[in-house]
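The values are calculated or read from the model by the stated rules, or taken from the named source; none is laboratory data. Keep in mind the model is a prediction, meaning the values are calculated, not measured. Here the Cβ positions follow ideal geometry from the backbone for every residue, glycine too, while neighbour counts run over all protein chains shown.
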C-alpha cells in the first residue's frame, strides 16, 4: 500500500509543480518499474508527461528571461524608462501652471496702483533627466513661458552630477556641475509644483534675483550630502547667473559666490516633522559693481509692477546673505517661516531684510510630505482622488510677509507688508487648483506710500 501511494504521488508530481525535479522522478520510476510496482504503460505515460512539463517549463523560463531583459516602463503619474538592472534611467517631466485674477486698485498719497486683470501662462516647462551607468545623473530643464518678471523664457536647470558609489551608506555624497539653484532658502528651493501659495513670499525672490540671475539659478559646482537620518549639508561655488553676466557692463568678470545650507530634522516620520536650517552666501565682485533689489507684491498678472525697487546701487563689492529657516508638520497642520538678510558693502553700504511666516491646515487630514535628503517640503498626497470616487485633499493656508528695502535713496526704497489667505484643492497627485486673496497691508514710504490694493488670484497646475 505504501509503494502504491508513493507511485501515485510520483504520477501527480508534475501537476504539483515539481517538474524541475523530473530527472530524479524518472530515476525513481525506473526503480519502481524494475520492482514491478508499476507497469510499462504507466511508466511510459508518466515519462511523457514529465518530458512535456520540462518543455513547458523551459518555454516559461525563456519567456521570463526575455521579460526581465526588457526595459521597465513606469507610467503611473510619470513617464520613466529604466534598464532591468537600474543602471540606466530616463525620465520626461513637465509642468503647466495657468494663472488668472483681478485686482482692486487703490489710491496712495502720491499715485494710484495700476494692476491689470487677466490670465497668464505662468510656467510651461519640459524636463529630461536620467541616470547613466548608475552613478551619473543629468538634467535638462527648459521654460517656454516668459511671464516671470525675474526670469525670461529659456534654460533653467541644466547639469550633470556624480554620485559616489564606494563610500559608506551612512555618508552619501554627490557632486553637481552646471546650472542649478543656489542652496539658499527653503521656499526658494522648493519646486513651484509644491508651493503652498500661488506666488512665493516677498523675500524669497528679492534676495536671489538682485542681479537678474534667472530665478535664483547660477552656474557652478556643488557638493550635497546627508547623514544619520538627521542632517543635510549643501555647499557650492558659483560664477555668473543663468542670464549670463548679470551685474551690469561695469563688471567684466563673473562674481565669485560661495553658498551653503545646513539643516537638521531631529524628528521626521510620516506626519510628524521638525525641520531647522541655516543658509548663507558670500558674493564678491571683481571690482565695484551695480546691484538692484526689487519685489513684485506676490501677484503676477499682466505687466510687473513693483512697490519696492532700490534702483541700481553702484560701488558694491561684496554681498553677504543669511537665511535661517524652520518648519513643523504635525498631522494635517504645518508651520513654516524664514528670515532673509543681505549686507552690501563697498563704496556704499546697505542692509536689507525680509521675513515670512505661514500656516496650513489640510481639512481632509493628509499631512504635507517631507523630502529628507533634499530638506524640502512637498504637497500633501490626497487619500482619495477626484474621478476615482473621492474628493481629493483640501487645504487652508495663511501667510504674513514683510520685505524692508528702505535703506537706500531710490523713490521706491520702502518696506512692504502683505497678508495672504489661500485655499488649495489637490485633485490628485499630479494636479491642483489654488485660490488666493492677497492684501497689501502697508507701504511705509516712497512713491507708493499709502497704496493698499487687493488681489484675487486662481491657478490651475498640472505636473508629471
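Structure values in brief
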| quantity | calculated |
| --- | --- |
| Those residues of the stretch 358-381 which are in contact with a strand residue (DSSP E or B) (Cβ under 7 Å, 6 or more places away or on another chain) and either outside the structural domain of residue 333 (by TED's automatic domain parsing) or in a strand (DSSP E or B) (or both), in sequence order | 358, 359, 360, 361, 362, 369, 370, 371, 377, 378 |
| Subset of the stretch 409-447 [under 14 Å from residue 307 (Cα atoms) and either part of a strand (DSSP E or B) or not assigned by TED's automatic domain parsing to the domain that holds residue 292 (or both)] | 412, 415, 416, 417, 418, 439, 440, 441, 442, 443 |
| Among residues of the stretch 448-464, those that are assigned to a loop (DSSP other than H, G, I, E, B) and closer than 25 Å to residue 99 by Cα, counted | 4 |
| Of the criteria (1) surrounded by 16 or more Cβ atoms within 10 Å (Cβ to Cβ); (2) at positive phi, which one residue 367 fails | (2) |
| Hits in the stretch 382-408 - residues which are outside any strand (DSSP E or B) and touching a residue at least 60 places away in the same chain (Cβ under 8 Å) | 405, 408 |
| Unique match (being closer than 30 Å to residue 289 by Cβ and either surrounded by 18 or more Cβ atoms within 10 Å (Cβ to Cβ) or out of contact with any strand residue (DSSP E or B) (no Cβ under 8 Å at 6 or more places or on another chain) (or both)) among 391, 355 | 355 |
